[in-house]
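Comments concern the structure below.
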Amino acid sequence: MECPSLNEVASLSSDRLLKVLKELRMHPVRKSELVVKIGERLIAGSAMGADKWNILEQVAIAAMDVLYFDLASRCIAMLAAKFGGSARRVLRLKGMLCEAQGDYAAAEPFYKSILEKNPTDRQVKWRQVAILKAQGRFDEAIKELEAQMKITQMAEEGYIELMNLHLNSKHPDYDKALTNCEELILQNPTSYCWLMLCAEILCTGKPTSTNFLLARKYYCESILQNDGPNNMRSFWGLWNVCKNLRACGASTTENADLMKWAEERILSTYEKMDCPQKEYAALLFKDEVKK
Amino acid sequence: MPETYMFSPAAYGKLLLHAFKHPSQAVSGLLVGKVDAKVLYVHEAVPLFHTYSQLMPMLEVALKQVNAIFEKDGMFVLGLYSSSQPITDKATATPHSEKIVKRIADGSASTCAVLVQLVNSSFKPSCRDIALKIYSASDMTKAVSGSIKLGYLYDGLTTEIADKESVSERLCELLKQQKVDLVVDFESHLDNVKNDYMNPELSLLLSEGIVPSN
């Protein structure tokens, strides 16, 4: 989505700014500096309109992200004045403010009190996982999140986070990362991103020809879903995996044809879009032919 | 093992700006330059990833492309820079970055490859030190003891920059002007191949007027 730059905020109308904040609530992208700048202007001008309370919550979280703890506290105080200091979402924000300041011990009681009355509150359970992650306790975070995912199986963000945790852990578990990525494909079968990511996880784990062959299938499927210039990652990935297959002795005519096809598509896109690195792509392909 | 690790202002600035552009994520990129017995000189930093930096395929492609780009200048990829996600990270080598650095060492002209880890907690306007820890491929359990400097390589000789504060001041200026948005990494290049991951405009902005001492 198109967002104004920070410098443009001062010159835009309140209506436009309200629309930007609404878009960012509906299609979350992490633009905390922008939300804070817009929020400060709207709060100062009392121009938040009907969405005032949602905006205050949004600005509070963005303010915590950029360490504007005063602004976050002010927003939380306004929400507490309206909904009460023990309202569920207010308590969650109070917990998050403690987290943002690095005081995890102070955050935990807020979350525990919410879960006592609402044991299935997923967002709060995720905050508990976030605390473990922030402290570098990846293995515990994985265990906690996996236990939660057994209960709420349709949560896309949960699978994304689990995949990241498995990849970032001291002993990365590529099989589990792959399983989580495959769940994401099940939920979004036409998404070229998860198909491409599955291929990348396969190529990163054990470098066997079986894995490379499966990765090649995922890359091809990703390109079938999106063969546009914004999926260059899959074209390069296909070229790279065909090269790896050739190097581990699993060379076939089909493999050679796919590799050549990927090269042609990459070069033609680079030419069409006048890519600054187009001559180097051609060099790489020539080098591979010599081998 | 070199005694001195020298970064050009453009290289040092770019790797910091890459981390600043993605404050909530781990970032990584390649370091390009030359090395001899005394000095490891990093001429250029090529930003690579701000998501999924643990995955190998695009790293392999980027390594080949970047080596091809710098071959004519007699330079090669000599390491990886990395900034972990947590701000309190202790800036040690992770198993993944070890794997990549050893891969770079295997494939390069010299076996001296390094991991440059950003010390996240040192990134404050008040801190003017060079906030990096360097690990060598031969022993990634402890940081190297050589000195880290900012400077240039001319005719086989390295010279430090005249004013050591100038690079931090330039970085603060660029951050205030929102120039951090100019940083393009290999990942954004793959989304739109018009984006130039060599960041020539940034190189100029980072080194203009920052001169070596005599």
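The values are calculated or read from the model by the stated rules, or taken from the named source; none is laboratory data. None of these values were measured; they are calculated from a predicted model. All Cβ positions, even for glycine, are placed from backbone atoms using ideal geometry, and neighbour counts span all protein chains on display. Remember, those area values only see protein heavy atoms, side chains included, never the ligands or the DNA or RNA. Shrake-Rupley method; radii C 1.70, N 1.55, O 1.52, S 1.80 Å.
Residues are listed down the side, and each one gets a yes or a no for (1) within 23 Å of B:Pro9 (Cα to Cα); (2) under 18 Å from the mean Cα position of the chain (by Cα); (3) free of Cβ contacts under 8 Å to residues at least 24 places away in the same chain; (4) open to solvent by 10 Å² or more (accessible area, probe 1.4 Å):
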| site | (1), (2), (3), (4) |
| --- | --- |
| B:Val46 | yes, yes, no, no |
| B:Thr51 | no, yes, no, yes |
| B:Gln54 | no, yes, no, yes |
| B:Val66 | yes, yes, no, no |
| B:Met75 | yes, yes, no, yes |
| B:Leu78 | yes, yes, no, no |
| B:Lys99 | no, yes, yes, yes |
| B:Gly107 | no, no, no, yes |
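Go through segment A:37-56 residue by residue and tally those that are over 11 Å from A:Leu21 (Cα atoms), surrounded by fewer than 18 Cβ atoms within 10 Å (Cβ to Cβ) and touching a residue at least 12 places away in the same chain (Cβ under 8 Å).
Residues that pass the stated criteria total 6.
Would you check if there is a residue in segment B:163-177 being within 14 Å of chain A (Cβ to nearest Cβ), more than 21 Å from B:Val46 (Cα to Cα) and polar (S, T, N, Q)?
Yes, there is a match, as at least one residue in segment B:163-177 is within 14 Å of chain A (Cβ to nearest Cβ), more than 21 Å from B:Val46 (Cα to Cα) and polar (S, T, N, Q).
In the set A:Pro207, A:Pro189, which member is in contact (Cβ under 8 Å) with a residue 40 or more places away in the chain and open to solvent by 50 Å² or more (accessible area, probe 1.4 Å)?
Residue meeting the stated conditions: A:Pro207.
Would you pick out the residues in segment A:127-146 that are away from chain B (no Cβ under 14 Å), under 16 Å from A:Ala177 (Cβ atoms) and basic (Lys, Arg)?
A:Lys143
Is at least one residue of segment B:203-211 in a helix (DSSP H, G or I), polar (S, T, N, Q) and either out of contact with any strand residue (DSSP E or B) (no Cβ under 8 Å at 6 or more places or on another chain) or modelled with pLDDT of 90 or more (or both)?
Yes - at least one qualifying residue is present in segment B:203-211.
List every residue pair whose Cβ atoms sit under 6 Å apart, with the two residues 6 or more apart in sequence or on different chains, where the first one lies in segment B:146-171 and is open to solvent by less than 70 Å² (accessible area, probe 1.4 Å) and the second, anywhere, is part of a loop (DSSP other than H, G, I, E, B) and β-branched (Val, Ile, Thr).
Listed by first residue and then by second, the contacts come to B:Ile148/B:Ile130; B:Ile161/B:Ile210; B:Ala162/B:Val211; B:Ser166/B:Ile210.
Residue-wise test of (1) within 14 Å of chain A (Cβ to nearest Cβ); (2) open to solvent by less than 10 Å² (accessible area, probe 1.4 Å); (3) over 30 Å from A:Ser234 (Cβ atoms).
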| residue | (1), (2), (3) |
| --- | --- |
| B:Ala11 | no, yes, yes |
| B:Ala19 | no, no, no |
| B:Gln25 | yes, no, no |
| B:Val42 | no, yes, yes |
| B:Ser82 | yes, no, no |
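Would you pick out the residues in segment A:164-193 that are modelled with pLDDT of 90 or more, more than 25 Å from A:Asp227 (Cα to Cα), part of a helix (DSSP H, G or I) and not hydroxyl-bearing (Ser, Thr, Tyr)?
Of everything in segment A:164-193, those that are modelled with pLDDT of 90 or more, more than 25 Å from A:Asp227 (Cα to Cα), part of a helix (DSSP H, G or I) and not hydroxyl-bearing (Ser, Thr, Tyr) turn out to be A:Asn164, A:Leu165, A:His166, A:Leu167, A:Asp175, A:Lys176, A:Ala177.
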